[in-house]
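Asks: First the structure, which I've put down as structure tokens, then a few questions once you've had a look.
The values are calculated or read from the model by the stated rules, or taken from the named source; none is laboratory data. From a predicted model like this one, the values you see are computed outputs, not experimental measurements. All Cβ positions, glycine included, derive from the backbone under ideal geometry; neighbour counts span all protein chains shown.
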Protein chains: 2
Amino acid sequence: MQTKKNTATAPYDDFSKFLPHISIDCCVFGFHENQLKILLIKWEKFGVWSLPGGFIFPEESVDAAAKRILQERTSLQNIFLEQFKIFGEVNRTNLPGSREMLERSEVDSQTQQWLLQRTISLGYYALVDFSKAIPTTTPLIADCRWWDISKVPHLIHDHADIVKHALKALQGHLLNKPIGLNLLPTKFTMTELRRLYETILGKTIDRRNFEKKMLKLGILDRLDEVKTDVGHKAPVLYRFNLATYDELLNADFGFGF
Amino acid sequence: MQTKKNTATAPYDDFSKFLPHISIDCCVFGFHENQLKILLIKWEKFGVWSLPGGFIFPEESVDAAAKRILQERTSLQNIFLEQFKIFGEVNRTNLPGSREMLERSEVDSQTQQWLLQRTISLGYYALVDFSKAIPTTTPLIADCRWWDISKVPHLIHDHADIVKHALKALQGHLLNKPIGLNLLPTKFTMTELRRLYETILGKTIDRRNFEKKMLKLGILDRLDEVKTDVGHKAPVLYRFNLATYDELLNADFGFGF
């Protein structure tokens, strides 16, 4: 998998340039080899995994900050980003063990103070094209890579909780709206689509029932092509019908007039 | 309408006790006389209407702050509150005219500085029982009252935009989920339910079509009672069936498996 090194550190080594007490944390989801993936970073000094996140400059809107942070980590522009929840518990950045971890990491005391202070985090989630995202490291970020959603390592602060809520938001989206446009390649098989649903919902789905329901929604165009790079019987390829997909995105369900 | 005066000012006259750069703004919706209402306050010194809002104490979670702020304004406990959007534009608290308004108001320069500084607002909306809310004034808040959603006066900062987004969130809720439990009295007529939908959606709805759709949803129990305090033919009363209402709240629409 392609990764990138960004050697610029400034201005991210000087926290005083940001608004205090507010951060942004991003759950970046991708789909690859039938698995929902999430992008995680490892801070050089702390040795612990974390959601890609950051802080907001005084002269930068919150949405612009979220876009900047994700672009820095994925090299992707025009990411589909959605605010999904505010994480505002008092001690979320100063849980048992937080102080000890920072002390062990030997970061300077000013940085420790910044990272342990009361911080409200604004949660965003993004659905990105796995094949186009380039996980990007910096001198401060030793590692940046995709993890299977079922194999997420121990995370800093309340980030495990943030992932849980982002998944719930994603599931809520999936149960009420079509999904897949930002996660699947342009052409995909019915099995790939089903695996996407299975990995987000965390359960297996009956193959025939799924196909029947999906076709009934009218958002799939069956192509005159088959997927050829698979070993067994070549499966038919589908493509989203953008017109009906969009229509369904904006549809109401029995409550509209 | 009942209102209440709260004569305590401390600690709200000392902004330095709050986290800087973050505020909470609440869109409190009620339903009365077939109109969707929103609760607005008028600051004593500025003479301009505003959403009820406030700031967050260092030792207070964001959700607790939102509840406290609303309780101060409505005397209601256990309010149904939903985060709906973060308002993070750079100049939202320092729009053209903001500084002049504060200077005219003769508030001290420290307060001016606090109110004009970059502030990210966390938007909440609440659906409350109009009959039980008691709009509450304080020495700093000269007025606190309900306004028809169609007659909202000029509002401070970007609050008109916040109201617009809260209404959109409420409409989104209405189009996908049952609504009314927190807004209507326990027993209500079909016309009252329809007026609620009409006032949220901002359009008239065909009476027979509405009744047919609503009954089909299976969330209404028809009572053996009629509404007797109305002049013309006494209309039948309905009540939400909490079991099916809840079921529908959590239902998916064709995308679930």
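Asks: From the list B:PHE29, B:PHE18, which one is touching a strand residue (DSSP E or B) at 6+ places or on another chain (Cβ under 9 Å), within 14 Å of chain A (Cβ to nearest Cβ) and among the hydrophobic types (A, V, I, L, M, F, W, C)?
Replies: Being touching a strand residue (DSSP E or B) at 6+ places or on another chain (Cβ under 9 Å), within 14 Å of chain A (Cβ to nearest Cβ) and among the hydrophobic types (A, V, I, L, M, F, W, C) holds for just one of B:PHE29, B:PHE18, which is B:PHE18.
Asks: Still on this structure: Can you go through A:GLN110, A:GLN117 and tell me which one is more than 13 Å from chain B (Cβ to nearest Cβ), exposed (fewer than 15 other Cβ atoms within 10 Å of the Cβ) and either touching a strand residue (DSSP E or B) at 6+ places or on another chain (Cβ under 7 Å) or not hydrophobic (A, V, I, L, M, F, W, C) (or both)?
Replies: A:GLN110
Asks: Tell me, which residue of the range B:198-213 that is of a type in the set (A, V, I, L, M, F, W, C) and at the interface with chain A (Cβ under 9 Å from one of its Cβ atoms) is surrounded by the fewest Cβ atoms within 10 Å (Cβ to Cβ)?
Replies: So, considering only residues that are of a type in the set (A, V, I, L, M, F, W, C) and at the interface with chain A (Cβ under 9 Å from one of its Cβ atoms), the one surrounded by the fewest Cβ atoms within 10 Å (Cβ to Cβ) is B:ILE205.
Asks: Quick one: would you say B:MET1 is part of a loop (DSSP other than H, G, I, E, B), at pLDDT below 85 and either away from every other protein chain (no Cβ under 14 Å) or under 22 Å from B:LYS164 (Cβ atoms) (or both)?
Replies: yes
Asks: Let me ask something additional. Could you list all residues from the range B:154-188 that are under 25 Å from B:LYS132 (Cα atoms), over 15 Å from the mean Cα position of the chain (by Cα) and modelled with pLDDT of 90 or more?
Replies: Scanning the range B:154-188 gives B:THR186, B:LYS187, B:PHE188.
Asks: Could you grab me the full set of residues in the range A:120-166 that are away from chain B (no Cβ under 14 Å) and of a type in the set (S, T, N, Q)?
Replies: A:SER131, A:THR136, A:THR137, A:THR138, A:SER150
Asks: What number goes with the only condition from (1) under 29 Å from B:ALA251 (Cβ atoms); (2) acidic (Asp, Glu); (3) within 14 Å of chain B (Cβ to nearest Cβ) that A:GLU192 does not pass?
Replies: It fails just one condition, (3).
Asks: With the checklist (1) buried (at least 20 other Cβ atoms within 10 Å of the Cβ); (2) within 27 Å of A:THR199 (Cβ to Cβ); (3) touching a Phe, Trp or Tyr at 6+ places or on another chain (Cβ under 7 Å) in hand, flag the one item A:ILE56 doesn't pass.
Replies: The single condition A:ILE56 does not satisfy is (2).
Asks: Is it true that some residue in the range A:69-83 is closer than 22 Å to B:GLU60 by Cβ and either in the same structural domain as A:LYS37 (by TED's automatic domain parsing) or at pLDDT 85 or above (or both)?
Replies: yes
Asks: With the requirement that a residue be modelled with pLDDT under 90 and either under 12 Å from A:PRO178 (Cα atoms) or not in a strand (DSSP E or B) (or both), what does the range A:218-244 give you?
Replies: Passing the criteria: A:LYS227, A:THR228, A:ASP229, A:VAL230, A:GLY231, A:HIS232, A:LYS233, A:ALA234.
Asks: So, one more: Which of the residues spanning the range A:70-94 are within 14 Å of chain B (Cβ to nearest Cβ) and either out of contact with any strand residue (DSSP E or B) (no Cβ under 9 Å at 6 or more places or on another chain) or not in a strand (DSSP E or B) (or both)?
Replies: A:GLY88, A:GLU89, A:VAL90, A:ASN91, A:ARG92, A:THR93, A:ASN94
Asks: Give just the number: which of (1) of a type in the set (A, V, I, L, M, F, W, C); (2) modelled with pLDDT of 90 or more; (3) out of contact with any strand residue (DSSP E or B) (no Cβ under 8 Å at 6 or more places or on another chain) does B:CYS144 not satisfy?
Replies: Condition not satisfied by B:CYS144: (3).
Asks: Let me ask something additional. Check whether at least one residue in the range A:199-222 is in contact with a Gly (Cβ under 9 Å, 6 or more places away or on another chain), without any contact (Cβ under 8 Å) to a residue 40 or more places away in the chain and among the hydrophobic types (A, V, I, L, M, F, W, C), and report yes or no.
Replies: Within the range A:199-222, one or more residues are in contact with a Gly (Cβ under 9 Å, 6 or more places away or on another chain), without any contact (Cβ under 8 Å) to a residue 40 or more places away in the chain and among the hydrophobic types (A, V, I, L, M, F, W, C).
Asks: Would you confirm whether or not the range A:159-166 contains a residue that is closer than 30 Å to A:PRO52 by Cα and either touching a helix residue (DSSP H, G or I) at 6+ places or on another chain (Cβ under 7 Å) or free of Cβ contacts under 8 Å to residues at least 24 places away in the same chain (or both)?
Replies: Among the residues of the range A:159-166, at least one is closer than 30 Å to A:PRO52 by Cα and either touching a helix residue (DSSP H, G or I) at 6+ places or on another chain (Cβ under 7 Å) or free of Cβ contacts under 8 Å to residues at least 24 places away in the same chain (or both), which makes the answer yes.
Asks: Hey, another quick one. Looking only at the range A:33-46, which residues are hydrophobic (A, V, I, L, M, F, W, C) and part of a strand (DSSP E or B)?
Replies: Across the range A:33-46, the qualifying residues are A:LEU36, A:ILE38, A:LEU39, A:LEU40, A:ILE41, A:TRP43.
Asks: Do the conditions hold for B:PRO11, that is, is it more than 19 Å from B:PRO153 (Cβ to Cβ) and either at pLDDT below 85 or among the aliphatic types (A, V, I, L, M) (or both)?
Replies: For B:PRO11, the condition - more than 19 Å from B:PRO153 (Cβ to Cβ) and either at pLDDT below 85 or among the aliphatic types (A, V, I, L, M) (or both) - is met.
Asks: For the range B:214-234, how many residues are away from every other protein chain (no Cβ under 14 Å), touching a strand residue (DSSP E or B) at 6+ places or on another chain (Cβ under 7 Å) and among the aliphatic types (A, V, I, L, M)?
Replies: So the count comes out to 3.
Asks: Also: Within the bounds of the range B:146-168, is there any residue that is on the phi > 0 side of the Ramachandran plot and crowded, with 19+ Cβ neighbours inside 10 Å?
Replies: There is at least one residue in the range B:146-168 that is on the phi > 0 side of the Ramachandran plot and crowded, with 19+ Cβ neighbours inside 10 Å.
Asks: Moving on to the next point. Mind checking which residues of the range B:47-62 are closer than 15 Å to B:TRP114 by Cβ, in a loop (DSSP other than H, G, I, E, B) and away from chain A (no Cβ under 11 Å)?
Replies: Once the filter is applied, which keeps residues that are closer than 15 Å to B:TRP114 by Cβ, in a loop (DSSP other than H, G, I, E, B) and away from chain A (no Cβ under 11 Å), the range B:47-62 yields nothing.
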